[in-house]
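As structure tokens, the structure follows; a few thoughts come after it.
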Ligand SMILES: Nc1ncnc2c1ncn2[C@@H]1O[C@H](COP(=O)(O)OP(=O)(O)O)[C@@H](O)[C@H]1O
Ligand SMILES: [Mg+2]
């Protein structure tokens, strides 16, 4: 990468001087704007690789300036760090809502600031959602449970089937619950099938080999099963730990062979799951409307946030949305300080019937309320994937 260019927006001349000095010493190129309005203009005209945005400025504050940059098509990608005056949850939420990627509070430690800049620049260069190569292959979407039993496996499997059946996509659905995978129950499959243990243990995994390890399920999706028992699950963890490339390589092959790799994750925040978060293009955090779930979602969002992911990589899915829990969507959104992007209906009868018969909802009862809700969700995902790809493509202007 050429010398990264950093735009500093602040009306405090002292801060400007300190930042320019620190950044130049580190070898960055700097450009300066002394108020928010100029900052917005320069964000678009100078095309910086990163922006340090002062929060409190007299002419257009940093939050508004950030939101204005984000609302412009050219400004959706650039990492923005808000430099704020006080550390508070409200300020942080405000910064994130405006579209900032990170926030740092004055007086800041120079090394910490540099570390955050470095992390964001690296992330932006490698983030698969934002990578320049649109045709790099299929998308990886991960479903992460805010808590056990919220319906993550149900949603992952049925979204996969909907993408295959309704939208005619090539789909692999992968059970990453290494200890207690449920796919064999949900899909009525036996213990004798190959699993992720085989896929991750194969040093020369390629598309042909991968094909021998997936189950072609009658619903139209290919399935990569979880290990048959918890001990075999440990093999996967050890292998992924000893050779992190093995998981990366597996997902590279699935990207190549499928339009969508749908991953059903376990709740653990461990190395294996962190790597999955990293590889995923979209992370759907699945939740229900109850207090312990909301608490977990908050913690998960904080964790994902501290990993520096772009805000639009993480989305919330409220399952059993119309169940009578005493907490509604508005309460949940207020408690979380952000919006919940997707809702899936509560439909106990269909969900239970599917489990007992071994025929997933989207193949056995696609016209049920839950089936319709799940196919609508799959359509939204496809729309979003297309929109993300469009955002990365240079716009073609046709003159008529
Ligand atoms: N939208 C829904 N409406 C009714 N029941 C549901 C719904 N989604 C999931 N369930 C039921 O909730 C239980 C837990 O679902 P599961 O997918 O195994 O959750 P998780 O993978 O998060 O532990 C299952 O009995 C399932 O049938
Ligand atoms: Mg599950």
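The values are calculated or read from the model by the stated rules, or taken from the named source; none is laboratory data. Bear in mind that the values here come from a model prediction, so they are computed numbers and not experimental data. Every residue, glycine as well, gets a Cβ built from its backbone with ideal geometry; the counts of neighbours run over all protein chains shown.
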Item to check | Hits in the stretch 222-263 (condition: crowded, with 22+ Cβ neighbours inside 10 Å, assigned to a loop (DSSP other than H, G, I, E, B) and more than 16 Å from ligand 1 (Cβ to nearest atom)) | outcome: 227, 258
Item to check | Candidate set: the stretch 323-341, residues that are over 21 Å from residue 277 (Cβ atoms) and part of a helix (DSSP H, G or I); chosen: the one nearest to ligand 2 (Cβ to nearest atom) | outcome: 332
Checklist outcome for this item: Of the residues in the stretch 142-156, those that are assigned to a strand (DSSP E or B), more than 8 Å from ligand 2 (Cβ to nearest atom) and over 13 Å from residue 183 (Cβ atoms) come to 142, 144
Next on the checklist: Looking only at the stretch 342-364, filter to residues that are part of a loop (DSSP other than H, G, I, E, B) and modelled with pLDDT under 95; which one of those is surrounded by the fewest Cβ atoms within 10 Å (Cβ to Cβ)?
Outcome noted: 358
Item to check | Scope the stretch 119-147; condition over 15 Å from residue 51 (Cβ atoms) and at pLDDT 85 or above; matching residues | outcome: 137, 138, 139, 140, 141, 142, 143, 144, 145, 146, 147
Checklist entry - residue 266 fails exactly one of the following numbered conditions: (1) under 21 Å from residue 377 (Cβ atoms); (2) crowded, with 19+ Cβ neighbours inside 10 Å. What is the number of that condition? => result (1)
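Residue under question is residue 192, and the condition is that it be surrounded by fewer than 18 Cβ atoms within 10 Å (Cβ to Cβ), part of a helix (DSSP H, G or I) and away from ligand 2 (no atom under 11 Å from the Cβ); does it hold?
No: the conditions fail for residue 192.
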Item to check | Cβ-Cβ under 6 Å pairs, at least 6 apart or on other chains, the stretch 149-162 side under 13 Å from residue 346 (Cβ atoms) and touching a residue at least 60 places away in the same chain (Cβ under 8 Å), far side in a loop (DSSP other than H, G, I, E, B) and within 8 Å of ligand 1 (Cβ to nearest atom) | outcome: 150/319; 151/319
Checklist entry - If we scan the stretch 309-322, do we find a residue that is over 28 Å from residue 270 (Cα atoms), assigned to a helix (DSSP H, G or I) and touching a residue at least 60 places away in the same chain (Cβ under 8 Å)? => result no
Checklist outcome for this item: The condition from (1) surrounded by 19 or more Cβ atoms within 10 Å (Cβ to Cβ); (2) at pLDDT below 95; (3) in a helix (DSSP H, G or I) that residue 57 misses is numbered (3)
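Residues to consider are 82, 167, 178; find the one that is surrounded by 23 or more Cβ atoms within 10 Å (Cβ to Cβ), away from ligand 2 (no atom under 16 Å from the Cβ) and either outside the structural domain of residue 14 (by TED's automatic domain parsing) or in a strand (DSSP E or B) (or both). Talk me through it step by step, then tell me what you get.
On the way: 167 fails: surrounded by 23 or more Cβ atoms within 10 Å (Cβ to Cβ); 178 fails: away from ligand 2 (no atom under 16 Å from the Cβ).
Unique residue meeting the criteria: 82.
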Checklist entry - Residues in the stretch 91-111: is at least one touching a residue at least 60 places away in the same chain (Cβ under 8 Å), over 20 Å from residue 306 (Cα atoms), not in a loop (DSSP other than H, G, I, E, B) and not assigned by TED's automatic domain parsing to the domain that holds residue 336? => result no
Checklist outcome for this item: Within the stretch 317-340, the residues that are crowded, with 16+ Cβ neighbours inside 10 Å, away from ligand 1 (no atom under 12 Å from the Cβ) and under 22 Å from residue 369 (Cβ atoms) are 325, 327, 332, 340
